[in-house]
Structure formats: C-alpha cells, structure tokens
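Working notes, beginning with the structure itself.
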Amino acid sequence: MLSDYRLFTADEANDRLGEPIMNIPFSNRITGVQPSAIREILKLSSDPAIISFAAGNPSEDAFPVEAVQKITEEILTEHPIAALQYSLTEGYPALRQTLKNRMLEKGIGREEEEILVMSGAQQGIELATKCLVNEGDVVICEDPSFVGALNTFRSYGAKLVGVEMEHDGIHLAKLEQALKENPNTKLIYLIPTFQNPSGITTSLEKRKACYELAKQYGVMILEDNPYSDLRTEGEEVAPIKTFDDEGIVIYCGTFSKILSPGLRVGYVMVNKELAAKMTVAKQTCDVHSTILSQMICERFLNTVDFDRHLEGLRTIYRHKKNLMLEEMDKCFPQDVISYTRPEGGLFIWCTFKGDVDSADFAKQAVLQKIAVVPGAAFLADDTQKSNSFRMNFSTPKDEDIVGGVETLAEIIRSYVK
C-alpha cells in the first residue's frame, strides 16, 4: 500500500548511500581482479599540487586539435548519417584498407590476413584472450609487463607465468623453460618495442628466436606495439609480425599514442580464422567501435602529412625524455639506483640496488606530492614485492620534470639512509 512508503530526508538518504544494497555474488573471473594500480594512483594525482610521473598519457602538446576539428566538421557535413549510424563490426572499410596498405608496405603481415578495428588496443588484447584462453590455460609474459593486459588474462582465469627481462628483451632460455614446463600455454604476450613499463627494446635476434620458439611449441604470440612510431633514437627494429609466415602472431596497434586516446581506436592484424571468431566476440561486446572516430583516423592518415606529424611527436618526446634523463643523471644517487635509457616510447624503469619495497617508496613519494607507479603492479605475480618503479616523461611539463626529479632524488636519499 502507498502508506507503507515514504521519502527519505536528505540526511537519511546521505546516511544510506554507503550501505550495501545486498551481498552481490560476483563472478569468479572478476573477483580475483584488482583495480589497476595506475588508475588508483592517478586518482591521487588528480590533486593539481601533485607532480605525476605515473600516467602514460600523451603530452598536451601532442594533440593535433585543429586538424581533428577540421576533419570532424568535414565528415559531419559530407557524411553525417554514415558517421552517426550503426556500422560494420570489422570496422570502417576505408580505415581497414588504409591500415593494411601501410602495414604491408612495411612488410608487416600478409595480404590474406585481416585488419579488425578495435575500441583501443586493449580491446584487441581482451578479444584475443576471450577467443583463445580457457580458464586454467597459461599465458607467458615478460616480467614486468603491461598491467592492463595482465588483468585481462587474470579475468579469464589464465595462469600467468612471468619471464624476466634482460637489457635486450625477454630471457630466451627461461622462456623456453616456461614453454616446456607449461604445455597448456596458449599465448606469449610481448611488447617488443619500448616495452611498458621497462622501456626496453627487444633485439631483432631475440624477436626471431621468440617466433621460432612459438612455432616449435605450437603457441600464438600476442605482439602489442603501441609505441614503435615514437622512436627518438637508434635504428628501427622490425616487428615480430614481419617474419610471421604462419599467421601465429596477433599484432595489436593503436592511434592512442600517435593521435588521440580519447578517440578509442585500435586495431589488430590476424589470420582469417581468428578474425572471424574475434568479430563474433566483438559483437557480444560493443557491436562495433565508434564509427565517427574511425572516419577521423582514416581521413587524418590520408589528408594530413602523417610523417611530418610523427616527426613532431618525436621531437616533443625526445626533448622530454632527454630532459628527464639529464635531471636523473644529475640528481639521482647512482650508487643507490639504476634506470633504463629507452630509445623511445614514454617510460623509464628505475630499480633500487638494495632491498627496497617500491610500493612503500611510492607512498612516501605521494606524501611529498610526487606520483610514480610501484613495480609490483607490473608483475605476473602481483603479490610479490618489487624494488623497481616506473616513471613517465610524456605527461609532465618541463618545469615539473625538473622540480619533480629533484624532489624524488631527495626522497630516494632519505629513504635509503
């Protein structure tokens, strides 16, 4: 009856907001997945007083706002219905063809393979996992590795086996040992170029060796390649996909680092059989990626001087990377800490030479208004302690790089006394 109901007062409503409605029986696949440490740290670093070396965002100077604005206006004037209507699950045909042509020109992939457009490369990782990995299957990954991919594998009940990194990529002998010990391995997940979080680039010899091991043990490689266009030093190294003559490499690319992460456009190149399954899997997820964003990307590739745009990005990031490394060389106690010197990408990986828990160090840094990401977040076994942490140079302004590194150096000195 209506008499049994009443409106809560404002105070009563506020009091009840924190009460759980019910004991929700979450699925097994999500119960064991923890929030991304990076996202949690970014919440803390939303404080404008905090200098954040924790993010992986493009620099504010890197966005081609005027070009995107002009292209968007043209699309909505010339093709408004196509830009706002449902579209193909596989992706905007003109974009798929443009991407395929560009990749084949670079020797990446084969004519008979398919390009599928994703809502960011993260979705490519997720759909590949969904199609290939059963609960209890093994995914071998670099240790450390990208936390977004690791959480995807965990969400499907995969067993993660981390293989340590060397200065030139994954440790090959330990990779083969992991393959021998885990016959139910379904994927080897690799970020060969300017790896996240370490910044390490895998040598050509190791890339070829990883591919041969995958063939030998009947395992697919998931090659995540979001950073290769951001090379600021050294010679380009061919992706693993360039010598994939059997279609066992799933190649993930993205526009997030070279155009805009907010557009949410990524892509995969895969063999036709897997492409068909990933298309069905995508239909159960989001039907198709945002068509307006895809049209913007396609027109940007074909009407803007893209090579000049990339060189502009490289100039920005070369300056920021060199500035951070120069300040670290000047301020960090070299007997206490070491760090990678990447030839591109967005990240520098720092490692204490002693027994230091970087999670505790990161907490101390936040108290001093500096945000870094502790290394345990990137480990296959994230319950382990790590004496490493990740720093990002693309997001902070120059003055924040200088001031932030100086402050961080003071924290490092006080922390190891």
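The values are calculated or read from the model by the stated rules, or taken from the named source; none is laboratory data. As the structure is a computational prediction, the values presented were derived from the model and not from experiment. No Cβ is skipped: glycine too gets one built from the backbone with ideal geometry, and neighbour counts run over all protein chains shown. With ligands, DNA and RNA removed, areas are computed over all heavy atoms of the protein, side chains included. Shrake-Rupley method; radii C 1.70, N 1.55, O 1.52, S 1.80 Å.
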To the nearest 20 debye, the chain has a Cα-centred charge dipole, built from +1 on Lys and Arg Cβ and -1 on Asp and Glu Cβ, of 360
Any residue on another chain or 5+ positions along whose placed amide H is under 5 Å from the amide H of MET220 is listed here as ILE188
When ligands, DNA and RNA are left out and all protein chains stay put, how many square angstrom of accessible area per residue does the chain have with a 1.4 Å probe? 48
Between the residues TRP349, GLN364, PHE300, the Cα farthest towards the positive end of the dipole of region 281-378, that dipole coming from +1 and -1 charges on the beta-carbon of Lys, Arg, Asp and Glu, is from PHE300
In region 132-230, what trypsin sites (Lys or Arg not before Pro) fall in a loop by DSSP, with at most 10 other Cβ atoms inside 10 Å? none
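Ignoring chymotrypsin sites (Phe, Trp or Tyr not before Pro) that are buried or in helix or strand per DSSP, and keeping those with at most 12 other beta carbon atoms within 10 Å, what is the longest stretch of the chain between them?
87-417
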Just one of (1) 34, 24, 21; (2) 43, 27, 20; (3) 32, 30, 26 is semi-axes √(5λ) of the Cα gyration tensor in Å calculated from these coordinates, so which is it? (3)
The aspartates and glutamates whose Cα lies under 20 Å from the Cα of LYS369, excluding any fewer than 8 residues away in the same chain, are GLU40, ASP47, GLU327, ASP357, ASP360, ASP398, GLU399, ASP400, GLU406, GLU410
Short version: ³J(HN,Hα) in whole Hz for each residue of region 268-281, in order, from phi by Karplus 6.51 cos²θ - 1.76 cosθ + 1.60 (θ = phi - 60°), x for Gly and Pro, what are they? 10, 10, 9, 5, 4, 5, 5, 4, 5, 5, 5, 5, 4, 4
Please name whichever of THR315, MET165, VAL373 sits farthest to the positive end of the charge dipole of the chain, dipole taken about the Cα centre and charges placed at Cβ: Lys and Arg +1, Asp and Glu -1. MET165
Just the number, please: carbon plus sulfur as a percent of the accessible area of the chain, 1.4 Å probe, no ligands or DNA/RNA counted. 52
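Placing +1 at every Lys and Arg Cβ and -1 at every Asp and Glu Cβ, with all other atoms neutral, what dipole size does region 210-284 have around its Cα centre, in debye to the nearest 20?
In total the dipole reaches around 500 debye.
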Which value, in debye to the nearest 20, gives the size of the charge dipole of region 305-364 about its Cα centre, when Lys and Arg are +1 and Asp and Glu are -1 at the Cβ? 140
Just to check I understand the Karplus step: with θ = phi - 60° and J = 6.51 cos²θ - 1.76 cosθ + 1.60, what whole-Hz values come out for region 211-224, glycine and proline as x? 5, 5, 5, 4, 5, 4, 9, x, 10, 8, 9, 9, 9, 9
